[in-house]
1. Rounded, prolate or oblate: pick one for region 139-204, where a ≥ b ≥ c are the square roots of the eigenvalues of its C-alpha gyration tensor, a/c under 1.5 means rounded, and failing that, prolate if a/b is larger than b/c, else oblate.
2. State the percentage of accessible surface on the chain attributable to carbon and sulfur atoms; use a 1.4 Å probe and exclude ligands, DNA and RNA.
3. By per-residue mean of other Cβ atoms within 10 Å, what is the highest-first order of 30-41, 58-69?
4. Any chance you could run the full-extension gain for residue 135 through residue 21? It's 0.36 nm times the residue separation minus the Cα-Cα distance, nm to one decimal.
5. For residue 187 and residue 149, calculate 0.36 nm times their separation in residues minus their Cα-Cα distance, and state this gained length in nm to one decimal.
6. List the residues whose amide H sits under 5 Å from the amide H of residue 165, counting only those 5 or more places along or on another chain, with H placed 1.01 Å from N in the peptide plane.
7. Say each of residue 55 and residue 28 gets a label point 7 Å from the Cα, pointing the same way as Cα to Cβ; how far apart are those two points in nm?
8. What is the count of Lys pairs in the chain whose alpha carbons sit under 25 Å apart, if the two are 8 or more places apart or on different chains?
Amino acid sequence: MSSSLPFHYNSDLIGGSLMVRESRIVAELLLAGVDDAAWKAAILDENRLQKARPATAKRMAQAIRKRLVRLPAPFWEALCEGDDQLATQVAFCAALARNLLLVEFLETVVADAVVTHAERLEPYHWDDFLADRAQRDPAINGWTASSRRKMGQVAFRMLCEVGLMTDSRKRTLRPLMLRPEVVELLERHHLIRLLDCLMLLGPR
C-alpha cells in the first residue's frame, strides 16, 4: 500500500533577492571545489562577500549556495564570466530552480499580465496568488503576514533586477529579453520548465 507525503512549497524567498555580485563569488568557490574549511575561510575569515557581520555573510552565502547547486556547473561559469545582464539572468534561473512558488507566480500571474498587456503588478497580486496556492499547500495559511509581505517584496525586487519591472515603486511591466546563452544552457541541460516559464515573459 503506497502513501504520499503532503505537498509543501520549499521556498527561500525571505533569504534575499538575486544578490548577483555575491553570487559570482559563491560560484567561483563552487567551481574551485573548495572544502568546508576553505569555504569558511573565504566567507568568514576573508569576508569575500564584504558584509559587516559574519552571521550575515554566512547566511547569505548559504542561501546563494542552495540556489546555485540546483544548476549544473556551466551556469556557474556563465555567472562568473558573463556581463552583468547575463549574470543577473543566471542568478534568476538559480532562484527559480530553488523556488517553485516563484516559478508558479511567473507562470500564472506575471505571464497573464504580459499576455493581457497589463501595465503593472500590484502587491495584491502576490497576496491573491498565495491565497490560491494555499489550496495546494495549507501550510501557507500558517505563514505570518510579515513573512508573506517580505516574500512578495523580494519577488518583486527580483523582477526589477532581471528587468521584468521598471522599479519596485511603479512596478511597470516590461518584456524579458532572455539572453541566447541562457536559452542554450537551459536547453542543453533539459531544464525545460524553467525555459518555458521564462519564454512566456518575452515580447509579444
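The values are calculated or read from the model by the stated rules, or taken from the named source; none is laboratory data. The structure presented is a predicted model; accordingly, all values stated were derived computationally and were not measured. FYI the Cβ positions are ideal-geometry reconstructions off the backbone, even for glycines, and counts take in every protein chain you see. Side chains included, ligands, DNA and RNA excluded: accessible areas come from the protein's heavy atoms. Shrake-Rupley method; radii C 1.70, N 1.55, O 1.52, S 1.80 Å.
1. On the way: a/c = 3.03, a/b = 1.51, b/c = 2.00.
Oblate, because a/c is 1.5 or more while a/b does not exceed b/c.
2. Working: 5570 of 10590 Å².
Carbon plus sulfur share of accessible area: 53 percent.
3. Highest-to-lowest ranking by the protection proxy: 58-69, 30-41.
4. 37.4 nm
5. Fully extending the segment from residue 187 to residue 149 adds 10.3 nm.
6. The list, which skips near neighbours in sequence, is 160, 174.
7. 2.8
8. Lysine pairs, 8 or more places apart or on different chains, close enough: 9.
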